[in-house]
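Nothing in this text is a laboratory measurement; each read-out follows from the coordinates by a stated rule. Every value quoted in this text rests on a predicted model; they were computed, and no experiment measured them. So basically every Cβ, Gly included, is an ideal-geometry build from the backbone, and we count neighbours across all protein chains shown.
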Amino acid sequence: MRALQLDVEKIGYRMIKPEASIYEDVEKKEVEVTNALAILVSIEKGDTENEANELVKETIKFAKQQKLSRIVLYPYAHLSDNLEKPDMALELFKYMRENAAKEFDGEVIYAPFGWNKQLSLNIKGHPLAEQSKMYGQKAAEKNLAVVEKKKRVDLSIVKKSDWSGLPPTDHRTIGEKLDLFSFQEVSPGMVYWHNNGLIIYKELIRYIREKLDENDYLEISTPALANIALWYVSGHIDHYKDNMFMMDSDGEDLGLKPMNCPSTIMIYKSKRWSYKNLPLRLADFDKLYRNEISGALTGLLRVREITQDDAHIFVAENQLEDELVSLLKLVDEFYKKFELRYMAKLSTMPDNHLGSDELWDKAILHLKNALERNSIKYEIKEKEGAFYGPKIDIDVRDSMDREWQCATIQLDYQLPKRFDLTYTGDDGKEYTPVIIHRVIYGSLERFIGVLTEHVKGKFPTWMSPSQVSIIPISDKSSDYASMITKKLREKRIRANFDDSDKTLDYKIRDAKLHEVPYTIIVGAKEMEKNTISIRDREGKQIQNVELKKFMEKLKEEIEERVNGSKIVEQLLPDK
C-alpha cells in the first residue's frame with residue numbers, strides 16, 4: 001500500500017467519468033474541502049486490513065498533531081504499477097474509511113472509487129506537509145524487491161518522459177520546445193539539465209549570489225552523505241525519515257541530506273564564535289535528496305533531487321528583528337524583479353512543539369514586528385508553525401493567478417540548543433544564538449517551473465538561453481553576419497549565428513519559436529551602410545541601427561536585468 005499524505009489548505013475534485021470496471025455511485029459531482037489532511041492512496045496486490053489499519057492509525061495521529069478536524073481519503077491509482085483488482089481494492093478502501101470514521105473524532109470525507117477525477121490541491125508550506133509512505137511487508141522488503149526484480153534499462157532506447165497531451169502553457173511542454181531539460185528512466189525524479197535550461201539555472205544563482213555578496217553572506221558547501229547520528233540529533237529521523245534516502249556502507253548507517261541545516265550547524269560548531277562575528281550568514285546551493293514516491297513527481301514542481309538557495313543566519317537575540325526586516329526587503333526585491341505578486345502568511349505554535357509558550361510568544365512577536373515594519377499585510381495561520389518555531393511563508397501568484405509557496409523565513413530556538421551552540425558575549429559569558437532558516441527562490445527546480453509558466457517561455461533577455469540570433473539574407477552577407485556574431489560574443493552576449501541552408505522565413509520563425517529576444521537580419525543594404533536590422537520576438541522591427549548602439553543598449557538591458565525585451569520599442573521613432 002502506498003500513500004501520499006498532504007496537509008492542504010484546500011483540496012477539490014470534480015467527477016469526469018467512471019474509469020474502472022467497478023465504481024461507486026456519487027451524489028455530488030464536485031467537492032471542495034478546506035484545511036484538511038488529504039491521503040492519496042494506492043491499494044496494491046496482497047494488501048490486507050493490517051496495512052489499512054496502519055495507514056489509518058498514522059493518519060489520525062498526524063491529523064491530531066496538526067489540529068486538523070477533517071481527513072480526506074482519496075483513491076489514487078497513479079502511485080503504483082502493482083494495483084489490486086478493482087473489486088478487492090474497493091472492499092479494502094471501504095474498510096479503511098469505515099475504520100477511520102470510527103476512530104477519528106473529526107470528519108472523514110472520501111472521494112468515490114473508480115472515477116476519473118479532476119484534482120486540485122493547495123498544499124501548506126511546513127516541512128511535514130508532504131510525506132510519502134509505504135505500509136506493510138512490502139515496505140520492509142522494498143530494497144530486496146528492487147534487487148530481486150533486476151529491472152534492466154536498455155540505454156540505447158531511453159527517451160524523455162512522455163508529455164503528450166499537456167497544455168502548451170505547461171512548463172514541461174515549454175521546456176521540451178525550448179530544449180531546457182528532460183527526465184530519464186535511469187534517474188527517476190531527477191532533472192537532466194540541457195544547456196539551455198542550465199543557462200537559466202546558472203543566471204538565477206548568479207543573480208542571488210550578487211545579492212548575497214552585498215549582504216555579507218559567506219558561501220559554504222557540505223557533504224551529501226552523513227552518518228544518521230547527525231539526523232537523530234537534528235530530529236529528522238523522528239520527523240522526516242520516510243522521505244530520506246538511507247543506506248549502509250561497511251556497517252555504517254548513512255543518509256543523503258534532505259535539508260542543509262544540520263550540516264551547516266556542523267560548520268558553526270567547528271570553531272568558537274564571538275558576538276563580533278554575528279550575524280553570521282552562511283549560504284549554500286548544495287543538492288538535496290528527498291524520497292518522493294514516483295506517483296507524486298510532477299516535472300520540475302516536485303522532484304527527488306533539488307537545489308535550494310538556502311541560508312542559515314546565526315544571530316544574537318538583540319539582532320534578530322533587524323535581520324528579519326532586511327530579509328523581508330530582500331524577498332520583496334526578488335519577487336518584484338520577476339513581477340510575481342506575493343502574500344505573507346505567519347504560522348504560529350502547533351500543539352506538538354518544542355520550547356515554552358513564552359519563547360514562542362516572543363518569537364512570533366519578532367516576526368509580526370518585522371512584517372509590520374515592512375508594511376507587509378499578512379494572514380495568521382494558527383498552529384501551523386514548524387515544531388521548532390514560527391515562520392513566515394511567502395506564497396507567490398503567477399500570471400495565471402495560481403499560488404505557489406516559495407520563500408520561507410523560520411525562527412529556530414531549538415536546534416541551537418539540541419546541538420549546544422554558543423557564542424561569547426561582550427561580557428565574556430557564553431550565550432546560545434538563534435538560527436533563522438531562510439530560502440528566497442525555495443527550490444530552484446520548482447521556481448524555474450513556476451517562472452517558465454509565468455512568462456510562457458519568454459524569459460527576459462538577461463536569462464534567455466540565446467539572447468540574439470543573427471541571420472544573413474544570403475551567402476554574400478554571411479561574413480558580415482559572422483563578424484557581428486563575433487563582436488557580440490566578445491561582449492559575453494549569447495549570440496547564435498544561423499548559417500543553415502534553410503530559407504530566411506524559416507530561420508525567422510525558428511528564432512521566434514525558441515523565444516529568442518532579438519533577431520538581427522543583415523543583407524546587402526546593411527553591409528553597405530554598416531548597420532543592422534532588428535526584429536524582437538513580439539514582431540516589432542527597426543532598420544538601419546548602428547551595431548555599437550544596439551550592443552550598448554543590449555548590455556544595459558542584460559546588466560540591469562530588465563524584464564522583457566525593450567530595445568526595439570525604445571529605438572522606434574515617436575509616432
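Structure values in brief
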read-out	value
Given charges at beta-carbon only (K, R positive; D, E negative), |dipole| of the chain in Debye	1420 debye
Length-normalised contact order of region 2-151 in % [C-alpha pairs under 8 Å, at least 6 apart]	39 percent
Neighbour-count order for 313, 293, 493, fewest beta carbons within 10 angstrom listed first	493, 293, 313
Environment charge at residue 305 (Cβ cut-off 14 Å; Lys +1, Arg +1, Asp -1, Glu -1)	+3
Principal-axis tilt of helix 195-214 within the chain, Cα atoms, nearest 10 degrees	80 degrees
When each of 529/549; 45/117; 487/555 is checked by Cα-Cα distance, pairs over 20 Å	45/117
Percentage relative contact order, the chain, counting C-alpha pairs under 8 Å, at least six apart	11 percent
Farthest toward positive dipole pole in the chain [+1 Lys/Arg, -1 Asp/Glu at C-beta], among 76, 483, 120	483
Neighbour-count ranking [beta-carbon atoms within 10 angstrom, fewest first] of 69, 347	69, 347
Cα long-axis angle, helix 444-455 against the chain (0 to 90 degrees, to the nearest 10)	60 degrees
Degrees between helix 547-559 axis and first principal axis of the chain (Cα, 0 to 90, nearest 10)	10 degrees
Among (1) 18, 46, 29, 7, 0; (2) 16, 36, 27, 14, 6, 0; (3) 17, 46, 35, 2, the entry that matches P(r) over Cα pairs in 20 Å bins from 0, in percent as calculated here	(1)
Inverse mean reciprocal Cα-Cα distance (Kirkwood Rh) of region 327-399, Å	13.0 Å
Proxy reagent accessibility, fewest Cβ within 10 Å first, across 404, 462	462, 404
Sum of side-chain charges, residue 534 neighbourhood, beta-carbon under 13 Å (Lys, Arg +1; Asp, Glu -1)	0
Theoretical gain in end-to-end length, residue 375 to residue 420 [0.36 nm per residue, Cα-Cα removed]	12.6 nm
Dimensionless Rg ratio for region 461-571, taking C-alpha atoms and the 2.2 N^0.38 Å reference	0.96
Above-threshold pairs, the threshold being 26 Å between Cα atoms, out of 17/57; 94/241; 202/540; 57/383; 211/345	17/57; 94/241; 202/540
Modelled FRET efficiency - R0 41 Å, residue 24 with residue 341, Cβ distances, 0.05 increments	0.50
For region 461-571, share of DSSP beta bridges that run antiparallel, in % to the nearest 5	45 percent
Table column - 3J(HN,Hα) (Hz), region 456-471, Karplus curve with 6.51, -1.76, 1.60, x for Gly and Pro	6, x, 8, 5, x, 3, 5, 10, 5, x, 10, 8, 9, 10, 10, 10
Reduced Cα scattering model of region 295-362, Debye log10 I(q)/I(0), q = 0.23 Å⁻¹	-1.17
Nearest-20 debye value, region 434-575 charge dipole, Cβ charges on Lys, Arg, Asp, Glu	240 debye
Amide H contacts under 5 Å for residue 292, placed H, 5+ residues apart	none
Share of alpha-carbon pairs per 5 Å distance bin for region 171-454, given as whole %	1, 5, 11, 15, 18, 18, 15, 10, 5, 2, 1, 0, 0
Longest exposed-site-free window of the chain, the sites being GluC sites (Glu not before Pro) in a DSSP loop that have at most 14 other C-beta atoms within 10 Å	383-537
Value at 222 nm in deg cm²/dmol, rounded to 500, when DSSP H runs of n ≥ 4 in the chain each add -39,500 (n - 2.57)	-10000 deg cm²/dmol
Those trypsin sites (Lys or Arg not before Pro) in region 450-548 that DSSP places in a loop and that have at most 13 other beta carbons within 10 Å	491, 492, 502
Given charges at Cβ of Lys, Arg, Asp, Glu: the chain dipole, positive-most of 303, 181, 92	181
5 angstrom amide H check on residue 469, placed H, neighbours 5+ away	496, 518, 519, 520
